[in-house]
Every structure is written in C-alpha cells, then in structure tokens.
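The values are calculated or read from the model by the stated rules, or taken from the named source; none is laboratory data. Everything numeric here is computed off the predicted structure, so don't read it as measured data. Heads up, the Cβs are rebuilt from the backbone with ideal geometry, glycines too, and the neighbour counts pull from every protein chain shown.
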Amino acid sequence: MDQLTDIAAFVRVVEHGSFTAAADSLEVSKAVVSKYISRLEQRLGARLLHRTTRRLTLTEAGDALFRRSAAALTELGEAEQDVAQLAGAPRGRLRVTAPTYFGSVMLAPMIKDFRIRYPEISLDLNLDDRIVDLVKERFDMAIRISRMADSSLVSRRLAPCPQIVVGSPAYFRMRGVPKTPAALTEHDCLSYSLLRAPNEWCFRAPRGRLTTVTVKSSICCNNDFVLKQTALDGLGLGWFPRYFVEHELSDGRLVQVLQDYESPELAINAVYATRRNLLPKVRAFVDFLAERLSAKSQKTSRKPQSAA
C-alpha cells in the first residue's frame with residue numbers, strides 16, 4: 001500500500017507541477033507529500049525530480065516512471081468504477097460541466113438535497129459556457145441548453161427551455177414596442193456571440209410559419225450576465241431562455257414582447273458519452289435533475305407581462 005501511495009503522490013506532483021498543489025488535491029500536508037516522494041526515490045535508488053525554488057522537472061528515470069504509473073493509475077481507477085457499477089450503489093466522484101448561469105441559479109439550490117440523498121457521491125462541478133469535450137477533459141456528463149444535433153454523445157431531455165424577447169420599460173418608452181419579428185430590424189438588439197449565428201433570431205408565427213430575422217447588434221458579448229445587464233440598462237432587446245430572466249420579469253424590470261411569436265424551443269439536456277454501462281452515479285444525478293426540473297417547469301408561471 002505504501003508503494004501505491006508513494007507512486008500516486010508522485011504522479012499528482014507531476015500533474016500539478018508543485019508539491020503544494022499536489023498536497024492540496026490529496027488533502028494532506030506538503031511535508032507528507034515530500035515524505036512520499038523521498039521514500040519512493042530511496043526505494044527505487046534513483047532521483048525522480050529536479051527541484052529548484054521556481055520549478056520542478058523530471059529526470060529521465062522520473063519521466064519513465066510517470067508515463068507508466070499514470071497509465072496504471074488510470075486503469076486502477078477504471079477498475080474501481082467497474083466494481084462500483086457492479087455493486088449498484090451510486091458513489092464516487094462525479095464530474096459535471098454546466099452553463100454558468102444555469103449552474104449558479106438553477107443547479108446550486110439543488111446540490112444540498114442531492115448530497116443528502118446520495119452522500120457517497122462527491123460532486124465536482126465546473127461552470128463554463130463553452131462546449132466542453134467530455135471525453136478529452138474527462139467529464140462524466142454535461143448539462144447543455146440547446147436543440148441537440150446528431151452526435152456521438154447521448155442526450156436526455158430534462159425540461160423545456162422556451163426563449164423569449166425582452167427589454168426594459170425605459171427602452172420601450174424611448175424606442176417603442178415591436179409588434180412583429182420583422183420590426184426587430186428597427187431596434188437595437190443584444191447578441192450572444194457563443195451562438196452559431198448570434199444575429200439570426202427565429203420565430204414561429206401564430207399560423208406555424210417559421211421566420212428568421214437578421215437583427216442589428218448594438219452589443220455582442222460571450223457572457224449572458226453582461227447581456228442581461230445591458231438589457232436592464234435599456235441598451236437593447238435580448239433574446240434569452242425564459243428561466244434566465246424569470247426574476248426580472250416577475251418584478252417588472254424586464255418585459256416580454258412578441259408573445260404571439262414563439263421561438264423554436266430549446267431544451268435542458270443531460271449529455272454523456274455512452275448509454276452502455278452508464279455508471280450509477282451518473283444515472284442517479286440525471287434522474288434527480290429530471291425530477292427537480294420537471295417539477296419546477298410545471299410550477300413556473302407562463303403569464304408574460306405585456307409591454308403594450
């Protein structure tokens with residue numbers, strides 16, 4: 001066991017680039033990590049690391065040990081996951097990536113109940129608005145708000161996510177209220193640059209015909225928090241998922257327009273690499289989210305405030 005502990009500590013030092021960072025990740029002191037590395041070097045009779053005040057570099061022996069050991073530890077971790085899967089109990093470290101606002105506002109309040117229900121699952125939550133490569137970056141699953149395109153990934157729809165056009169009362173007093181999607185071309189609009197076509201806003205007319213409007217961006221940004229603030233400040237109209245502006249709609253700081261024109265609905269999706277041999281910890285989290293988001297969706301009021 002000492003041999004495995006020492007090698008695991010060595011691999012963690014190399015991966016993190018410092019004894020301090022490795023100690024933090026292992027939740028032990030820096031002195032303990034140093035002890036493990038010294039014991040490993042003494043047992044092998046070879047120096048593994050060149051240490052200076054500024055950096056660590058691998059010796060030739062250290063490089064050979066790291067390449068073999070890192071792969072072996074990965075195999076051991078996968079073997080442990082296989083055993084946990086056979087045991088059928090949701091447990092272990094669950095790495096999840098989700099959009100920043102969704103994670104902050106929708107997901108964060110659910111974490112306490114999830115931990116109470118599944119105390120053996122430790123949650124590693126990464127909030128990021130970019131599309132993360134699940135396999136390359138070793139995430140167990142992602143939450144994505146989109147119309148899922150065909151891909152090698154597996155997705156499960158958790159809840160609907162309608163999109164709406166909103167603006168501040170001050171903006172509408174100054175610029176008027178658009179009555180049709182075509183009228184948006186006469187307004188300042190706020191574009192989310194992470195979308196594939198941020199200036200193309202789509203709507204379905206009451207009779208079902210789909211219309212795409214190319215809007216004029218007064219502000220384009222890759223951060224939805226910034227875009228919402230600019231909408232609140234009266235700088236333009238935003239095209240947002242409804243959950244993103246729910247609070248501002250309820251207190252009147254933002255107002256929905258074009259209620260008769262529905263946008264093609266997005267969905268909140270759980271995305272993971274494979275359906276085969278899905279680990280219990282992933283299945284437990286996905287089922288939990290589906291339960292909570294479905295209940296929240298049913299309770300959410302769909303009575304928009306009119307700007308007219």
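Figure legend. Inter-residue proximity from region 277-289: first residues buried (at least 16 other Cβ atoms within 10 Å of the Cβ), second residues of a type in the set (G, A, S), beta-carbon distance below 6 Å, spacing 6+ or different chains. Indicated pairs: K281/G92; V286/A270. Do the conditions hold for A273, that is, is it surrounded by 16 or more Cβ atoms within 10 Å (Cβ to Cβ) and either in contact with a Lys or Arg (Cβ under 8 Å, 6 or more places away or on another chain) or modelled with pLDDT of 65 or more (or both)? Spelling it out, A273 is indeed surrounded by 16 or more Cβ atoms within 10 Å (Cβ to Cβ) and either in contact with a Lys or Arg (Cβ under 8 Å, 6 or more places away or on another chain) or modelled with pLDDT of 65 or more (or both). Which one is nearest to the chain's Cα centre (by Cα) among residues in region 179-209 that are at pLDDT below 85 and among the aliphatic types (A, V, I, L, M)? Restricting to residues being at pLDDT below 85 and among the aliphatic types (A, V, I, L, M), the top hit is L194. Among the residues of region 214-227, the ones that are touching a residue at least 24 places away in the same chain (Cβ under 8 Å) and within 25 Å of the chain's Cα centre (by Cα) come to 8 in all.
For a quick check of your reading of the model, give me the residue pairs whose first member lies in region 98-111 and is over 11 Å from N126 (Cα atoms), whose second is surrounded by 16 or more Cβ atoms within 10 Å (Cβ to Cβ) and of a type in the set (K, R), with beta-carbon atoms closer than 6 Å and at least 6 apart or on different chains. These pairs meet every condition: M110/R292.
So, in region 102-153, exactly how many residues are touching a helix residue (DSSP H, G or I) at 6+ places or on another chain (Cβ under 9 Å), buried (at least 16 other Cβ atoms within 10 Å of the Cβ), among the charged types (D, E, K, R) and closer than 24 Å to P90 by Cα? Total meeting the criteria: 1.
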